[in-house]
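Novice: Structure incoming, see below.
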């Protein structure tokens, strides 16, 4: 039952990345870390201490960093580029497309401070379009882990995955609710509960909000299936279809624009195979603003009550959809 899922503490997901890259670098001498003047923000202090010869400070020159990373792969290195999500994607899209994705270079684009929960830095830094930008690129894998443990595990897992990867994580301290021993399997969804009335698909920070929403719905006697779609591309079509065939309706929750994000990926799978009503929880084609993470999630409709409302609404639509058949 969802109500029994209790966090073991709180920690920012970017620290999961910082700890993960150190751990995997101890095992694989080809791991190289590059940063665009944001080593501290990306928690690379320990990596720099242990592997100074494998750390490259590129300065505030993100496009150049992507070019250097692409070149390093030719010599067998596995470069992890690090900067904020906004600068990891929007600022360098041409370089990623031409130098990394087009030729399938083995670059790991590691992006922190994503989404609204970046908080007080405001709209210019709160990129809400990056999942869409990255998943549209051929050859690109897109991963959005949900907490510290899963971010650490994902950071380790992508080292053995051949090809370009976009790994998205965040700035704020966030509940830790996954097991530190759970293996991260790229492309395989994570189930937190089984249900028959409604499915909630979520990624990133929104997974914890989905779990809380699911527990509240269960208290009302509603059978909820909560699934963490941590890999947006390749998406777990089997998990999506197995779930909606039971529940016949779904909610998608993501810290991203509802246009082009995880919700669109879910809708594409269902529309082709098993059409069901879907409600989207995410930002509604808008930029963000300055504020605390909690304030922004509430204002832009990404809070726990918003997921509950979406679930109740989609279940009504499910009945209408069935009666119209």
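Novice: Search segment 261-280 for residues being more than 21 Å from residue 136 (Cα to Cα) and touching a residue at least 12 places away in the same chain (Cβ under 8 Å), and hand back the single one that is surrounded by the fewest Cβ atoms within 10 Å (Cβ to Cβ). First the steps, then the outcome.
Specialist: Initially, segment 261-280 is screened for residues more than 21 Å from residue 136 (Cα to Cα), giving 274-279.
With the extra rule that they be touching a residue at least 12 places away in the same chain (Cβ under 8 Å), the set shrinks to 274, 276-279.
On the way: 274: 13, 276: 21, 277: 21, 278: 21, 279: 23.
Top of the filtered list is 274.
Novice: Which one is surrounded by the most Cβ atoms within 10 Å (Cβ to Cβ) among residues in segment 206-226 that are touching a helix residue (DSSP H, G or I) at 6+ places or on another chain (Cβ under 6 Å) and outside any helix (DSSP H, G or I)?
Specialist: 226
Novice: Scan segment 300-310 and tell me whether some residue there is outside the structural domain of residue 150 (by TED's automatic domain parsing), touching a strand residue (DSSP E or B) at 6+ places or on another chain (Cβ under 9 Å) and under 27 Å from residue 185 (Cβ atoms).
Specialist: There is at least one residue in segment 300-310 that is outside the structural domain of residue 150 (by TED's automatic domain parsing), touching a strand residue (DSSP E or B) at 6+ places or on another chain (Cβ under 9 Å) and under 27 Å from residue 185 (Cβ atoms).
Novice: Being outside any strand (DSSP E or B), touching a residue at least 12 places away in the same chain (Cβ under 8 Å) and more than 17 Å from residue 126 (Cα to Cα) narrows it down to one residue among 240, 200; which is it?
Specialist: 240
Novice: While we're looking at this one, here's another question. Of the residues 2, 44, 38, which single one is in contact (Cβ under 8 Å) with a residue 12 or more places away in the chain and outside the structural domain of residue 130 (by TED's automatic domain parsing)?
Specialist: That would be 2, the only listed residue that is in contact (Cβ under 8 Å) with a residue 12 or more places away in the chain and outside the structural domain of residue 130 (by TED's automatic domain parsing).
Novice: Among the listed residues 308, 258, 316, which satisfies the condition of being over 26 Å from residue 166 (Cα atoms) and buried (at least 17 other Cβ atoms within 10 Å of the Cβ)? Spell out how you get there, then give the answer.
Specialist: Numbers: 258 fails: over 26 Å from residue 166 (Cα atoms); 316 fails: buried (at least 17 other Cβ atoms within 10 Å of the Cβ).
Among 308, 258, 316, only 308 is over 26 Å from residue 166 (Cα atoms) and buried (at least 17 other Cβ atoms within 10 Å of the Cβ).
The values are calculated or read from the model by the stated rules, or taken from the named source; none is laboratory data. None of the values given here were measured: they were computed from a predicted structure. As a convention, Cβ positions derive from the backbone with ideal geometry for all residues, glycine included, and neighbour counts pool all protein chains shown.
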